[in-house]
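Student: The structure follows.
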Amino acid sequence: MSENSARSVTVERTGTGHFVATNTRGGTISFGTGSVSEFTPVELLLAALGGCTAVDVDLATSRHAEPAAFSVEVSGNKINDELGNRLTDLAVTFTVTFPDGEGADRARAILPRAVKTSHDRLCTVSRTVEIGTPVTATVENA
């Protein structure tokens, strides 16, 4: 694995049920059990799915026209079955509009292809979820 392919975040406990994730660039995001307005880990996963593909689609379309509106709704059903807790029926729905104009017409025309390409090839988050990747959990210095 090359140095450029490695990705990581550090999660630190800030209180009972409250955590902060810090990336290697110093960015932070708070999350927890959902007892206050903070995101839960499941909501962060949904945000990552939507955010990853939104970045791809925005880069492809906004070079032609600035969108008048751009939102992505991500939903799923949390279940508990013989496989344990998990999400099913994940759906990513784009609502994007562009103003009138030639560049906007081009952006509108490529929008469906940009969404499909992101889903099928580019979005690391959705590709990882759909293909499946083993996760290892270890304890150091216990």
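Student: Keeping the other protein chains in place, figure out the carbon and sulfur percent of the accessible area of the chain, with a 1.4 Å probe.
Tutor: The C+S portion of the solvent-accessible surface of the chain is 53 percent.
Student: What accessible area per residue, rounded to a whole number of Å², is obtained for the range 10-77 using a probe radius of 1.4 Å?
Tutor: Here the residues of the range 10-77 average 60 Å² of exposed surface.
Student: Further question on the same structure: Using only Cα atoms, tell me the angle between helix 102-117 and the longest principal axis of the chain; keep it within 0 to 90° and round to the nearest 10.
Tutor: The helix 102-117 is inclined about 40 degrees to the chain.
Student: Counting Lys +1, Arg +1, Asp -1, Glu -1, what net charge surrounds residue 131 among other residues with beta carbon under 14 Å of its beta carbon?
Tutor: Neighbourhood net charge equals 0.
Student: While we're here: Net charge within 12 Å of residue 120 by Cβ-Cβ distance, Lys/Arg positive one each and Asp/Glu negative one each, not counting residue 120 itself?
Tutor: +2
Student: How big is the dipole moment of the chain about its Cα centre under a simple scheme where the beta carbon of each Lys and Arg is +1, that of each Asp and Glu is -1, and everything else is neutral? Debye, nearest 20, please.
Tutor: Here the size comes out at about 220 debye.
Student: Take the alpha carbon atoms of the range 1-107, find their radius of gyration, then divide it by 2.2 N^0.38 Å using N residues; give the quotient.
Tutor: Here the Cα radius of gyration is 1.38 times the empirical estimate.
The values are calculated or read from the model by the stated rules, or taken from the named source; none is laboratory data. The structure displayed is predicted, hence computed values, not measured ones. Backbone-built Cβ (ideal geometry, glycine too); neighbour counts: all protein chains shown. With ligands, DNA and RNA removed, areas are computed over all heavy atoms of the protein, side chains included. Shrake-Rupley method; radii C 1.70, N 1.55, O 1.52, S 1.80 Å.
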